[in-house]
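> My questions will all concern the structure given below.
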Amino acid sequence: MSAHIGVTGLAVMGANLARNFARNGYTVALHNRSVEKTDALLNQHGDEGDFVRTESLQELVDSLQKPRRVLIMVKAGKPVDSVIEQLTPLLEDGDIVIDAGNSHYEDTRRREAALAEKGLHFVGIGVSGGEEGALLGPSIMPGGSRESYDSLGPMLEKISAKYDGDPCCRWIGTDGAGHFVKMVHNGIEYADMQVIGEAFDLLRSGAGIEPAEQAEIFTEWNKGELSSFLIEITAEVLAHTDARTSKPFIDVVVDSAGQKGTGRWTVVSALELGSPVSGIAESVFARGLSSQRDQRALAQDVLAGHEEQVQVPEGFVEDVRQALFASKLVSYAQGIDMLTSAAKEYGWELKLDEIASLWRAGCIIRAELLDDIMKAYADEDRPENLLFAPAFAEAIAAAVPAWRRVVATAVQLGIPVPVFSSSLAYYDGLRRKRLPAALTQGLRDLFGAHTYRRIDAEGTFHTQWSGDKSEVEAVDTH
Ligand code: 6PG
């Protein structure tokens with residue numbers, strides 16, 4: 001029996017994707033560096049569909065229909081290169097190598113170019129939804145050549161999550177586009193989680209609402225415009241009681257957030273693109289600060305707070321909900337804006353409506369909001385910024401008074417809300433008619449002759465600061 005697809009790397013994500021293909025009627029050839037994992041999968045789940053057991057990459061390749069499709073699911077970085085190196089000599093023109101891990105898009109671009117020279121297709125696919133998603137239907141963001149998608153796409157669409165019957169899988173664009181979009185998804189995921197954390201902290205430390213009661217609040221919030229997977233599971237985590245201590249589970253967890261790197265990559269890439277993803281950046285920094293546990297312990301004795309003992313304003317819970325919604329919208333707007341900049345830089349034709357559509361189910365940031373985002377970008381009159389779409393401009397404007405009250409209260413109480421406040425600063429920064437960037441330009445011109453443009457004349461100018469302060473036309477040095 002020749003297999004439709006081969007999967008190498010059978011840790012939980014790879015195993016679950018393999019099972020998902022098999023459950024959807026595909027014959028799946030299995031390979032793992034140590035055969036024990038292959039056998040464990042077959043023993044536990046061999047009856048879920050048609051699997052072919054192989055012990056070597058050669059056997060895996062030999063068991064596949066042509067063009068061969070081999071999906072690699074190993075740790076991002078060197079392990080992917082190492083599998084590619086072993087695999088490619090065994091393949092033929094037109095075969096497809098798929099990397100379904102959280103690889104850096106620059107690696108994917110490099111690998112795609114290298115394999116294309118050998119006549120092979122390399123497809124980096126972003127897969128979101130965690131272990132459960134991989135098994136039951138993830139959101140899938142495939143890059144690589146359009147031609148490879150013609151052969152691979154139907155299979156990916158079949159195993160993907162569905163939103164009203166629509167597969168949450170679309171061809172994103174050439175080379176690293178799929179992994180880039182998955183990276184930005186993760187950046188938004190970081191910001192989404194951070195704003196939830198800020199809301200939790202405000203309700204707990206500001207309004208004295210205990211986790212169990214907050215679980216009910218989040219459950220309520222999940223019924224409205226905030227409705228999303230992350231809000232839903234927040235209620236679940238907050239409702240959980242630790243079996244050992246009978247304390248709220250959240251109180252026995254060390255408050256130091258881990259990170260595997262995709263959020264950081266988003267910010268590094270945004271910096272390179274000049275894309276202002278301030279909320280996403282603050283959420284990565286917030287994880288960094290949380291991890292500096294030694295400094296935080298020292299700060300308890302050294303740094304004074306001078307918090308004001310203010311009462312939270314009436315209606316605070318609803319204010320926090322609105323501030324959370326507005327900050328969340330800003331994070332999505334920033335992530336999407338970054339996609340637009342990247343599309344220009346890398347020559348990708350990213351279809352923002354399709355990207356929003358495939359985030360509507362299966363992935364970690366799935367949210368009701370995404371259906372509206374999809375519609376906003378499907379409109380002929382595509383907004384320059386998500387926040388300019390009439391529905392969103394109206395929604396965020398409605399939240400602004402509460403958002404300002406919450407940030408002001410947080411500042412008075414000494415509760416850090418880096419994403420709530422930076423998102424508000426982004427919003428105000430966008431709206432502001434004149435920014436102090438004019439002063440920055442003046443300073444740069446004074447100390448470094450970096451030149452400036454005038455509001456009332458074409459061209460680039462320099463003031464002779466150390467001379468008679470007369471203005472001369474200059475060559476633009478940015
Ligand atoms: C997903 C997740 C997934 C994983 C992150 C965790 O979309 O399914 O984003 O990829 O949970 O890699 O990232 P951190 O360890 O950096 O939080």
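> Looking at (1) within 27 Å of the chain's Cα centre (by Cα); (2) small (Gly, Ala, Ser); (3) surrounded by fewer than 15 Cβ atoms within 10 Å (Cβ to Cβ), can you tell me which one Ala18 breaks?
Single failed check for Ala18: (3).
> Quick check on my filter: what residues within the stretch 397-444 are under 26 Å from Arg204 (Cα atoms), over 27 Å from the mean Cα position of the chain (by Cα) and not in a helix (DSSP H, G or I)?
Passing the criteria: only Gly414.
> Determine whether the stretch 84-101 contains at least one residue that is under 16 Å from the mean Cα position of the chain (by Cα), within 16 Å of the ligand (Cβ to nearest atom) and of a type outside the set (D, E, K, R).
Step one: of the stretch 84-101, the residues under 16 Å from the mean Cα position of the chain (by Cα) are 100-101.
Among the residues that remain, those that are also within 16 Å of the ligand (Cβ to nearest atom) are: 100-101.
Right, trim to of a type outside the set (D, E, K, R) and you get 100-101.
Yes: the stretch 84-101 contains one or more residues that are under 16 Å from the mean Cα position of the chain (by Cα), within 16 Å of the ligand (Cβ to nearest atom) and of a type outside the set (D, E, K, R).
> Those residues that are within 15 Å of the ligand (Cβ to nearest atom) and assigned to a helix (DSSP H, G or I), I need them from the stretch 235-268; list them, please.
Val237, Thr262, Gly263, Arg264, Trp265, Thr266, Val267, Val268
> Any idea which of (1) over 19 Å from Trp348 (Cα atoms); (2) within 16 Å of the ligand (Cβ to nearest atom) is the one Gly124 doesn't satisfy?
The single condition Gly124 does not satisfy is (1).
> I would also like to ask the following. Can you name the number of the only condition in (1) on the phi > 0 side of the Ramachandran plot; (2) among the small types (Gly, Ala, Ser); (3) surrounded by 17 or more Cβ atoms within 10 Å (Cβ to Cβ) that Ala239 fails?
So Ala239 meets the others, but not (1).
> If a residue must be out of contact with any helix residue (DSSP H, G or I) (no Cβ under 9 Å at 6 or more places or on another chain) and not small (Gly, Ala, Ser), how many such residues does the stretch 45-73 contain?
Number satisfying all stated conditions: 5.
For every residue, the table says whether it meets (1) in contact (Cβ under 8 Å) with a residue 24 or more places away in the chain; (2) farther than 22 Å from His179 by Cα; (3) touching a helix residue (DSSP H, G or I) at 6+ places or on another chain (Cβ under 8 Å).
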site: Leu298; (1), (2), (3): no, yes, no
site: Ala323; (1), (2), (3): yes, yes, yes
site: Leu329; (1), (2), (3): yes, yes, yes
site: Ser341; (1), (2), (3): yes, no, yes
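> Test Ser227 against the criterion of being within 20 Å of the chain's Cα centre (by Cα), surrounded by fewer than 19 Cβ atoms within 10 Å (Cβ to Cβ) and more than 16 Å from the ligand (Cβ to nearest atom), and give yes or no.
Values: within 20 Å of the chain's Cα centre (by Cα): yes; surrounded by fewer than 19 Cβ atoms within 10 Å (Cβ to Cβ): yes; more than 16 Å from the ligand (Cβ to nearest atom): yes.
Answer is yes for this residue.
> Among the polar types (S, T, N, Q), crowded, with 24+ Cβ neighbours inside 10 Å and within 12 Å of the ligand (Cβ to nearest atom) - does that describe any residue in the stretch 128-144? Don't jump to the end; show me each part of the working.
Of the stretch 128-144, the ones among the polar types (S, T, N, Q) are 128, 139.
Now narrow it down to the ones that are crowded, with 24+ Cβ neighbours inside 10 Å: 128, 139.
Still in the running and within 12 Å of the ligand (Cβ to nearest atom): 128, 139.
So far as the stretch 128-144 goes, yes, one or more of its residues are among the polar types (S, T, N, Q), crowded, with 24+ Cβ neighbours inside 10 Å and within 12 Å of the ligand (Cβ to nearest atom).
> Filter the stretch 439-456 for residues that are among the hydrophobic types (A, V, I, L, M, F, W, C) and touching a residue at least 12 places away in the same chain (Cβ under 8 Å) and give the result.
Of everything in the stretch 439-456, those that are among the hydrophobic types (A, V, I, L, M, F, W, C) and touching a residue at least 12 places away in the same chain (Cβ under 8 Å) turn out to be Leu446, Ala449.
> So which of Val475, Val419, Val411, Val407 is modelled with pLDDT under 95 and of a type in the set (A, V, I, L, M, F, W, C)? Spell out how you get there, then give the answer.
Working: Val419 fails: modelled with pLDDT under 95; Val411 fails: modelled with pLDDT under 95; Val407 fails: modelled with pLDDT under 95.
Going through Val475, Val419, Val411, Val407 in turn, the sole match is Val475.
> Let me ask something else. Exactly one of (1) buried (at least 21 other Cβ atoms within 10 Å of the Cβ); (2) closer than 19 Å to Asn102 by Cβ is unmet by Leu60. Its number?
Just one mismatch for Leu60, condition (2).
> Can you name the condition, by its number, that Asp337 falls short on among (1) surrounded by fewer than 22 Cβ atoms within 10 Å (Cβ to Cβ); (2) more than 22 Å from the chain's Cα centre (by Cα)?
Of everything listed in (1) surrounded by fewer than 22 Cβ atoms within 10 Å (Cβ to Cβ); (2) more than 22 Å from the chain's Cα centre (by Cα), Asp337 misses just condition (2).
> Quick check on this structure: which one of Glu92, Glu55 is surrounded by fewer than 17 Cβ atoms within 10 Å (Cβ to Cβ), in the same structural domain as Val123 (by the TED database) and under 23 Å from Asn20 (Cα atoms)?
Details: Glu92 fails: under 23 Å from Asn20 (Cα atoms).
Among Glu92, Glu55, only Glu55 is surrounded by fewer than 17 Cβ atoms within 10 Å (Cβ to Cβ), in the same structural domain as Val123 (by the TED database) and under 23 Å from Asn20 (Cα atoms).
> Would you pick out the residues in the stretch 145-167 that are buried (at least 22 other Cβ atoms within 10 Å of the Cβ) and away from the ligand (no atom under 16 Å from the Cβ)?
Ser148, Tyr149, Leu152, Pro167
> Please enumerate the residues belonging to the stretch 255-294 that are exposed (fewer than 11 other Cβ atoms within 10 Å of the Cβ) and without any contact (Cβ under 8 Å) to a residue 12 or more places away in the chain.
Of everything in the stretch 255-294, just one residue is exposed (fewer than 11 other Cβ atoms within 10 Å of the Cβ) and without any contact (Cβ under 8 Å) to a residue 12 or more places away in the chain, namely Asp294.
The values are calculated or read from the model by the stated rules, or taken from the named source; none is laboratory data. Note that the coordinates shown come from a computational prediction; the quantities given were computed from them, not determined experimentally. Counting neighbours? That spans all protein chains shown, and the Cβs are built from the backbone with ideal geometry, glycine included.
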